[in-house]
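Scroll down for the structure; my scribbles are underneath it.
The values are calculated or read from the model by the stated rules, or taken from the named source; none is laboratory data. The model shown is predicted, which means the values in this text are computed figures rather than measured ones. What goes into the accessible areas is simple: the full protein's heavy atoms, side chains included, and nothing from ligands, DNA or RNA. Shrake-Rupley method; radii C 1.70, N 1.55, O 1.52, S 1.80 Å.
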Amino acid sequence: MKAIEMITSGFTQKPREVVKTGDDSAASSLLTYVRRMTGWHQVAVCTLAAFVALLNLAPIELQRRIVNEVVETRDVSVLVQFGIAYSVIILMHQAFKYALWLYQSWLTESTNRYTRAHLLTLYGDKSSSAEDGTGRAVSVVGAEVEKLGGFAGEALSGACANGAMLIGIAAYMLYVEPQIAVFALAFLIPQVVITPFLQRKLNVLIEERVVLLRDLGDGISGMKTDASSDPDHVVNSIFTNRMRFFVLKFAMKSALNLLNALGPLTVLLLGGYLAMQGDVQLGVIVAFISGFEKISSPLRELIGFYRITAQANVQHRMIAKWMAS
């Protein structure tokens, strides 16, 4: 227990110190903000994330070899060796993944701490402004900063991990059996086309929702009394905004899920046919099905990263406007 406390004490007690520039203006862009908040730690956490992702590829090859070699040799000692190797890989993967989660969370909370302290100081200097309501300040310093901090601490490293996983699995499948891989991976292309198209429409609704939540805070605090900030009116507008958002979001999700399901179906049909012809081993089909289960998750996460980046850009831009007002 003492060893665990010693390892985690650095994360739990000492946040990353951000060097102040002496300028109270917002960062010029989202990436500039991330670079200021995380520095070289971003490179380290992205490298660790990519390593964790690539370590997750080892079980796919082990599954293929267990099915092929153990079935062919019927050697129990070989089965035991593969079982031990599989267990070691799983333990290593979980240990490094735990370290990654801690690192990402430390960067996230360090970013939140610094940004909130900076905005609270800025708010204290301009609290007499009639344009700036208490409710709006609470929304900015609370939930809006939380989203930016999460992006700085987790989003980029998560994208590195998912990118490494996606490239690694695709390369493995093409190396082992390119004939099946080409057909199966073709279902990934439409997902790359659909996502940006629908995300642009979602971005408009995201920005509209941020404005509505700020108006709701101002209306409740009494800092604004015009019709646009009437709580009942704003609550109804938020409902309409969110339902329109969900219609588009779940339409995109359903389309992506359908395309993800067609990949394994291709593996089963084409792989099964080739196995009947004696051109493919059964272990290849097992490995490919497992590979598609692993590839669908990072693909969804990368698509989610595109969405989160768009949201974070909106959030950063609106907080920058609030700081400059």
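Arrange the residues ILE60, ILE189 by how much accessible surface each exposes, largest first, with a 1.4 angstrom probe. The partial results should precede the final answer.
Values: ILE60 5, ILE189 110 Å².
These residues rank, largest area first, as ILE189, ILE60.
So how much accessible area does TYR33 have, in Å² to the nearest 10, using a 1.4 Å probe?
Here the accessible area works out near 20 Å².
Using θ = phi - 60° and the Karplus curve 6.51 cos²θ - 1.76 cosθ + 1.60, what whole-Hz ³J(HN,Hα) does each residue of the stretch 55-64 get, with Gly and Pro shown as x?
Computed from phi, the couplings for the stretch 55-64 are 5, 6, 7, 4, x, 5, 5, 5, 4, 4 Hz.
How do MET323, MET92, MET252 stack up against each other in accessible area, from largest to smallest, with a 1.4 angstrom probe?
Values: MET323 30, MET92 75, MET252 5 Å².
Sorted by accessible area, descending: MET92, MET323, MET252.
Tell me, what is the 1.4 Å probe accessible area of TRP101, in Å² to the nearest 10?
Rounded to the nearest 10, the figure is 130 Å².
Within the stretch 37-107, what whole-number % of the accessible surface is contributed by carbon and sulfur, with the 1.4 Å probe and all protein chains included in the calculation? Can you show the working numbers first?
On the way: 2860 of 3970 Å².
Result for the stretch 37-107: 72 percent of the exposed heavy-atom area is carbon or sulfur.
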